[in-house]
Amino acid sequence: MARIDAFFKLMAEQKASDLHLSTGNPPMLRINGDLVRVDYPPLRNDDLKAMVYEIAPEMKTKVFEETGDVDFGYEIPGVARYRANFYNQKYGIGAALRLIPSKVLTLDELGLPPVLKRFPLLKKGLVLVTGPTGSGKSTTLAAMIDYSNLHRQDHIITVEDPIEFVHKSQQSLVNHREVGVHTRSFASALRGALREDPDIILVGEMRDLETIELALTAAATGHLVFGTLHTSSAAKTVDRVIDVFPTSQQNQIRATLAESLKGVISQNLFRRVDRPGRVAALEILVFDTAIANLVREGKTHQIPGMIQVGKKKGNLPLDDAIMEHLRAARISPEEAYEKCNDKKKFRPFLQTPPDDLDE
């Protein structure tokens, strides 16, 4: 048993999502979004380094010593997986470790809108799940991959850095590949995937032009591709993909994206006030001919309006999702106001509205 496993046990007891270890500070847990100090002496650099090296693969420690930071996955069989990041900071080593539950929750168990069951059954195209770090993107993606796994007889390849949720092959065959362990990069894995007879490809992070271009190519050539981006809305997601490319290529990319993109799910997490935990609010964009034309013509600023008028097609404005949680007394008016788009709509719920309006 590794020494760090005692902190992982504490994470489970406290229902924490993250563990932070930093030289000169006591360990800290993130519980329902807040960092809480553990009653433990401040960590010394040598002790912390020995502790984290104990769970890191040798090749990963070499990368860390060469570059100053590294990602990898760590698993306690039968308990959980953890996404680990080690980094150097001013006073010594630091580590951030996120809990990845061993059980993949279904779309129904997560309480996500039924429209999300459509995307895992598509034969081809690109589906993007977006949001800030820690917004639950991986959990939503895992639930959709799980739905495909249970309802399709296909080949699913996931490419992640590191592997997070582990899927056992059900109706489908699932193969997991980890960047830096099983493949050199997201881009090289995607190039290889096109020769590995996949039906569904999960790209853990579309972080550069080459990866995005290959994901679009895969989606345009008969594969269903799921990916993530760190964007805050459906319209900004489309703009982000286009803006990655040089100006000379953007018209062509608009056309390709209009053909390939099938949906965007943009989400954020809110602290629950009715019980411990957090709940997701989702903005959902289901692509149709009208929205594809807006993308092709460079009129993405009209997408929010199309989401609003296209609710019957499965579109869901973010503010509608936030309002549903607020009316059900799951979240606080203050956090709803902070994270909504239309401040005026949520202002009446505040007991003490701010004077300096940003509306």
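The values are calculated or read from the model by the stated rules, or taken from the named source; none is laboratory data. It should be emphasised that the depicted structure is a prediction, and the values quoted were computed from it without experimental measurement. A quick note on method: Cβ atoms are made from the backbone with ideal geometry, for glycine too, and the neighbour counts reach across all protein chains shown.
From the list 281, 290, which one is surrounded by fewer than 22 Cβ atoms within 10 Å (Cβ to Cβ), of a type in the set (Gly, Ala, Ser) and either at pLDDT below 95 or touching a helix residue (DSSP H, G or I) at 6+ places or on another chain (Cβ under 9 Å) (or both)?
None of the other options fit; the residue is 290.
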Review point. Got a number for residues in the stretch 39-58 being surrounded by 17 or more Cβ atoms within 10 Å (Cβ to Cβ) and in contact with a Pro (Cβ under 9 Å, 6 or more places away or on another chain)?
Key: 1
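If you check residue 278 against the conditions, is it under 24 Å from the mean Cα position of the chain (by Cα) and assigned by TED's automatic domain parsing to the domain that holds residue 238?
yes
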Review point. For the stretch 76-116, which residues satisfy the criterion of being surrounded by fewer than 19 Cβ atoms within 10 Å (Cβ to Cβ) and small (Gly, Ala, Ser)?
Key: 78, 80, 92, 96, 102, 111
Point to revise | residue 66, sole failed condition from (1) surrounded by 14 or more Cβ atoms within 10 Å (Cβ to Cβ); (2) not in a strand (DSSP E or B) | key: (1)
Exercise for review: For residue 253, state whether it is more than 17 Å from residue 130 (Cβ to Cβ), in contact with a His (Cβ under 8 Å, 6 or more places away or on another chain) and outside the structural domain of residue 33 (by TED's automatic domain parsing).
Suggested key: no
Review point. Which is in a helix (DSSP H, G or I), among the polar types (S, T, N, Q) and crowded, with 17+ Cβ neighbours inside 10 Å, of 61, 139?
Key: 139
Review point. Going by the conditions given, is residue 310 farther than 26 Å from residue 344 by Cβ and touching a residue at least 24 places away in the same chain (Cβ under 8 Å)?
Key: no
Review point. In the stretch 183-213, what residues are within 21 Å of the chain's Cα centre (by Cα), crowded, with 22+ Cβ neighbours inside 10 Å and within 24 Å of residue 169 (Cβ to Cβ)?
Key: 186, 189, 190, 200, 201, 202, 203, 204
Check your understanding: Among all residue pairs at least 6 apart or on different chains, which show Cβ distances below 7 Å where the first residue, located in the stretch 200-227, is more than 20 Å from residue 249 (Cβ to Cβ) and the second is part of a loop (DSSP other than H, G, I, E, B) and at pLDDT below 95?
Key -> 204/161; 205/161
Study note, to complete from the structure: So the helices (runs of 4 or more DSSP H) completely within the stretch 247-359 holding 2 or more residues that are in contact with an Asp or Glu (Cβ under 7 Å, 6 or more places away or on another chain) are 318-327, 343-346
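Results for (1) modelled with pLDDT under 95; (2) among the hydroxyl-bearing types (Ser, Thr, Tyr), shown as yes or no for each residue.
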{"site": "169", "(1), (2)": "no, yes"}
{"site": "173", "(1), (2)": "no, no"}
{"site": "181", "(1), (2)": "yes, no"}
{"site": "193", "(1), (2)": "yes, no"}
{"site": "197", "(1), (2)": "no, no"}
{"site": "201", "(1), (2)": "no, no"}
{"site": "207", "(1), (2)": "yes, no"}
Review point. Do you know which residues across the stretch 1-37 are buried (at least 18 other Cβ atoms within 10 Å of the Cβ), over 22 Å from residue 68 (Cα atoms) and of a type in the set (A, V, I, L, M)?
Key: 11, 16, 29
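Could you please let me know if residue 240 is basic (Lys, Arg), in contact (Cβ under 8 Å) with a residue 12 or more places away in the chain and surrounded by 15 or more Cβ atoms within 10 Å (Cβ to Cβ)?
Judged against the criteria, residue 240 is not a match.
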Review point. In the stretch 45-66, what residues are of a type in the set (D, E, K, R) and under 13 Å from residue 85 (Cβ atoms)?
Key: 60
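Quick check on my filter: what residues within the stretch 269-295 are within 14 Å of residue 324 (Cβ to Cβ) and of a type in the set (Gly, Ala, Ser)?
Going through the stretch 269-295, the residues within 14 Å of residue 324 (Cβ to Cβ) turn out to be 270, 272, 274, 279-284.
Listed by number, the residues that qualify are 280, 281.
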Exercise for review: Residue by residue through the stretch 97-112, note down the ones that are of a type outside the set (D, E, K, R) and in a loop (DSSP other than H, G, I, E, B).
Suggested key: 102, 104, 105, 106, 107, 110, 111, 112
Point to revise | Identity of the residue in the stretch 117-134, surrounded by fewer than 21 Cβ atoms within 10 Å (Cβ to Cβ), under 26 Å from residue 311 (Cβ atoms) and within 18 Å of the chain's Cα centre (by Cα), that ends up modelled with the lowest pLDDT | key: 132
